[in-house]
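Below is one structure, written out as structure tokens; the observations come after it.
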Amino acid sequence: MTIAIEVENVSKRFPARRGARDLRGRGGLRDWVLGRRQELFTALKNISFTVDAGESLGIIGRNGSGKSTLLSMLAGVTLPSEGRIAVNGRVASLLELGAGFHPVLTGRENVYLNAGLLGMRHAQTDAVFDDIVRFSGVGKFIDEPLETYSSGMYVRIGFAVAVHSDPDIFLVDEVLSVGDEEFQRRCRIKIKELRDQGKTIVFVSHDLGVVNTLCERVILLSEGGMVQRGTTQKTISFYLRQVGAERGIHVFSRGDNEAITCDGRVSLYHKGNETTASGGVTMEMSSLGQYHNSAMADWAITEKRPTGCSARGRMTRLPVSLVWDMDFDARGRLVWDVTVDCEREVQIQHIAAMISLPVAYNRWMYGDFDGTFPEILPSDEHASLVASPEMKSCHAAALPEAGVPLHPIVFHLKDHNPRFGILWFNSGYLSNSRLLQCSAVFPEHACTFSAGRHRLLQLEIDLNVESDAVEEEVRPGQTVEAEMRSRQTVEAGVLAARFEHGCLRLFHGGVELTDYLNVYASMLIEYLWNDSNSLQWGGVQRIDGGIAFDGDSRRFPFRQRWEIAHAPEGIALRIWIENHEPLVVQEYHTSVVLRHEYEGWVSDQERGSFPPFDHVAKHWTHCNHSYAVGIHATAWSAALPSVTISALPEAPAVRMTAINTTYEEHARVLQALRPSEDGRIRFEPGRHLYFSGVISTGPAGEPS
């Protein structure tokens, strides 16, 4: 590998200068006249490193740590006091705003002057001149004197010339922060392009997110010395620790887990590996069309604890303070409480807590949904939604790809304002991360927050979930899936019922018996079927002996509540309807949709065989002839356990029927149907028992 830059035992010292009027003190005019020795300030000491050709190196550190001094020596602007620097290749540098420019000359003349200083011939500059002007965005001002330019226009011209000079080595200082947000974005993209072209880049910045994105390796300068901690992220983490004495910084830990809160941003670590991406854990709120990020607030740690802290951040452009309480609990989960403290009445339209994760997390879970994150493409300028907000859930998880030193993470949103919900996003290409949002939108009639404190949310972040052993050939995160699924599962002996998407899936000894829509409920309202799996379902609730879920209709004014519990006979299911307005229903049912292997059925009045599926039929077909009121229906198979749905007398009377689906759906159905006697069933405002019964299993084969 060719070495582009070699720095060996380099130190740099400067005379310790005093103000012009300080002539009498130590190091002043009297000492100079008398020939006394001057004090020296050591900016850098014993710095050694190499940069391979094509490598991107980031240099970070506090103000005054020697970053710009080191970059100036690499550019040849100043020489080291001790040691040796070797730079192999043509260098383009952007170290100081306006360096190499003449204010009297026009922008055009300065382009050619600056390009010449970078070693470009006039003809070479001609070839890229239009590209330079286009990239800089100076446009019609290119023939105006440079002294009429703003500071932002200065840096646009300088950066544009430097990146179009086709350098072997590109040195760039924090000067990029002068440009506006759009220009900074284009600069970062251009630097990324240079890196992809194999150029050597040395980049000095306080923006750790940009450094993390653009640089393969990072060195930290601290008090003139150099610190390296292996990977980029570990070095950045160490840098954050170095500034831990600041009033807005605190490091706390418990067991294998560690957190660094740094002026409105929290970074999480597990077993020494950073779990969050460069964006960390932050918050954002919008008010009157402006966005306010927690990292922009003035933060102070109000209480430091070994396993947590309390922090308060006052927004600089909003009469609001964020109050964070963070602690690792006994199980090592980070519990994050968020409160907003309003100095006076204020309108807030949107609030979001955001957790940024590395792209190595390639799979997501969201309640009982799961999927794979799409690839983030260069054309993705903004964050894109991955899991729909209609899949309302308070539980989520991120699962890493195989072979990376990351563990699954489980999130649980609780004790929160009911407007908050969890969403999964992909970030834009430059941030290149997964993004979990706990966000709430407050409509115009509810966006005014009175003076005082308002509790927003509590989020649990569990970093301790272990992946199963690779040698057992179980994919990482499978234990997470099992743990999350178990929250929504009720067991009665060998029979298990798992609630998913507004329906129940039935398992007997681990073998799934249901298919297609599984166990679901539906109501015919204004001649439109409203299936339970189309409702918006909330998170799991613990009840005596089981679990409960609430699902809201988006079309009609009602809510369903499912209560699922274990019973001696099997799985007890009670479904309630809650409506605030009168609700008229033509008919409704509770159905058990089973696998196609079920051969026959038995009800209170009759029995029969399920016929072959009709390739032509467009509708479900009832197999029974009697629609008398009943309480039992059973489906049987020679190979699978029989399944019985039984209605309890506390609920409205139902008719038990057996149904064949269409050929495409390919399933058998047991249905507890409640038709209307006079064309409609009326639910007055209130709470009504929709169905109450038990689902059980029995031996395989036709029952006697």
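The values are calculated or read from the model by the stated rules, or taken from the named source; none is laboratory data. Computed from a prediction, not measured in an experiment: that's the story for all the values here. Neighbour counts run over all protein chains shown; Cβ positions are idealised from the backbone, glycine included.
Structural remarks
- Conditions (1) in contact with a Leu (Cβ under 9 Å, 6 or more places away or on another chain); (2) at pLDDT below 80; number of the one not met by Phe159: (2)
- Qualifying position, being touching a residue at least 40 places away in the same chain (Cβ under 8 Å) and buried (at least 20 other Cβ atoms within 10 Å of the Cβ), among Ile348, Ile376: Ile348
- When each of Leu117, Leu95 is tested for being surrounded by fewer than 17 Cβ atoms within 10 Å (Cβ to Cβ) and either within 25 Å of Val204 (Cα to Cα) or touching a residue at least 24 places away in the same chain (Cβ under 8 Å) (or both), the lone residue that passes is Leu117.
- Members of segment 441-452 that are assigned to a strand (DSSP E or B) and surrounded by 12 or more Cβ atoms within 10 Å (Cβ to Cβ): Val441, Thr448, Phe449
- Every residue from segment 303-328 that is in contact (Cβ under 8 Å) with a residue 40 or more places away in the chain and surrounded by fewer than 16 Cβ atoms within 10 Å (Cβ to Cβ): Lys304, Arg305, Pro306
- Just so you know, in segment 630-674 the residues that are in a loop (DSSP other than H, G, I, E, B) and among the hydroxyl-bearing types (Ser, Thr, Tyr) include one that is nearest to Asp515 (Cα to Cα), and it is Thr661.
- Beta carbons closer than 6 Å, at least 6 apart along the sequence or on distinct chains, pair a first residue in segment 128-153 that is in the same structural domain as Pro167 (by TED's automatic domain parsing) with a second that is surrounded by 12 or more Cβ atoms within 10 Å (Cβ to Cβ) and of a type in the set (S, T, N, Q) for Asp143/Thr106; Pro145/Thr106; Leu146/Asn110.
- Cβ pairs under 9 Å, 6+ apart, first in segment 227-238 and more than 19 Å from Ala259 (Cβ to Cβ), second of a type in the set (Phe, Trp, Tyr) and modelled with pLDDT of 70 or more: Val227/Tyr239; Gln228/Phe49
- Annotation note: of Val128, Val202, Val218, the sole residue that is more than 30 Å from Glu82 (Cα to Cα) and crowded, with 16+ Cβ neighbours inside 10 Å is Val128.
- Considering residues of segment 379-394 that are surrounded by fewer than 12 Cβ atoms within 10 Å (Cβ to Cβ) and not acidic (Asp, Glu) only, the residue modelled with the lowest pLDDT: Ser388
- Looking only at residues of segment 641-660 that are of a type in the set (S, T, N, Q) and buried (at least 21 other Cβ atoms within 10 Å of the Cβ), we find that the one that is nearest to Glu526 (Cα to Cα) is Thr657.
- Lone qualifier among Ala638, Ala672, Ala667, Ala617 - being within 23 Å of Glu563 (Cα to Cα), in the same structural domain as Ala496 (by TED's automatic domain parsing) and either loosely packed, with under 14 Cβ neighbours inside 10 Å or in contact (Cβ under 8 Å) with a residue 60 or more places away in the chain (or both): Ala672
- Test: residue in segment 2-21 that is under 30 Å from Asp131 (Cβ atoms), at pLDDT 85 or above and touching a helix residue (DSSP H, G or I) at 6+ places or on another chain (Cβ under 6 Å): no
- 2 or more residues of a type outside the set (Lys, Arg) and within 20 Å of the chain's Cα centre (by Cα): qualifying strands (runs of 3 or more DSSP E) within segment 248-353: 257-262, 266-270, 281-287, 290-293, 320-328, 334-342
- Matching residues in segment 398-429 - criterion: being out of contact with any Leu (no Cβ under 7 Å at 6 or more places or on another chain), touching a residue at least 60 places away in the same chain (Cβ under 8 Å) and crowded, with 19+ Cβ neighbours inside 10 Å: Leu399, Leu406, Val410
- Of the residues Glu677, Glu684, the single one that is surrounded by fewer than 13 Cβ atoms within 10 Å (Cβ to Cβ), in the same structural domain as Tyr527 (by TED's automatic domain parsing), more than 47 Å from the chain's Cα centre (by Cα) and charged (D, E, K, R) is Glu677.
- For segment 361-373, taking the residues that are part of a loop (DSSP other than H, G, I, E, B) and at pLDDT below 90, the one that is surrounded by the most Cβ atoms within 10 Å (Cβ to Cβ) is identified as Gly367.
- In segment 402-440, residue nearest to Asp380 (Cα to Cα) [restricted to those that are among the charged types (D, E, K, R) and part of a strand (DSSP E or B)]: Arg434
- Of all residues in segment 484-500, those being of a type outside the set (D, E, K, R) and closer than 12 Å to Trp562 by Cβ number 4.
One line per residue, one yes/no per condition, for (1) on the phi > 0 side of the Ramachandran plot; (2) of a type in the set (Lys, Arg); (3) in a helix (DSSP H, G or I):
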{"position": "Ala127", "(1), (2), (3)": "no, no, yes"}
{"position": "Asp131", "(1), (2), (3)": "no, no, yes"}
{"position": "Phe135", "(1), (2), (3)": "no, no, yes"}
{"position": "Lys140", "(1), (2), (3)": "no, yes, yes"}
{"position": "Glu147", "(1), (2), (3)": "no, no, yes"}
{"position": "Arg156", "(1), (2), (3)": "no, yes, yes"}
{"position": "Phe159", "(1), (2), (3)": "no, no, yes"}
{"position": "Ser165", "(1), (2), (3)": "no, no, no"}
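- Test: residue in segment 81-99 that is assigned by TED's automatic domain parsing to the domain that holds Ile169, modelled with pLDDT under 90, out of contact with any helix residue (DSSP H, G or I) (no Cβ under 9 Å at 6 or more places or on another chain) and not hydrophobic (A, V, I, L, M, F, W, C): yes
- Single residue of segment 494-550 satisfying the filter (among the aromatic types (Phe, Trp, Tyr) and buried (at least 16 other Cβ atoms within 10 Å of the Cβ)) that is nearest to Asn660 (Cα to Cα): Tyr516
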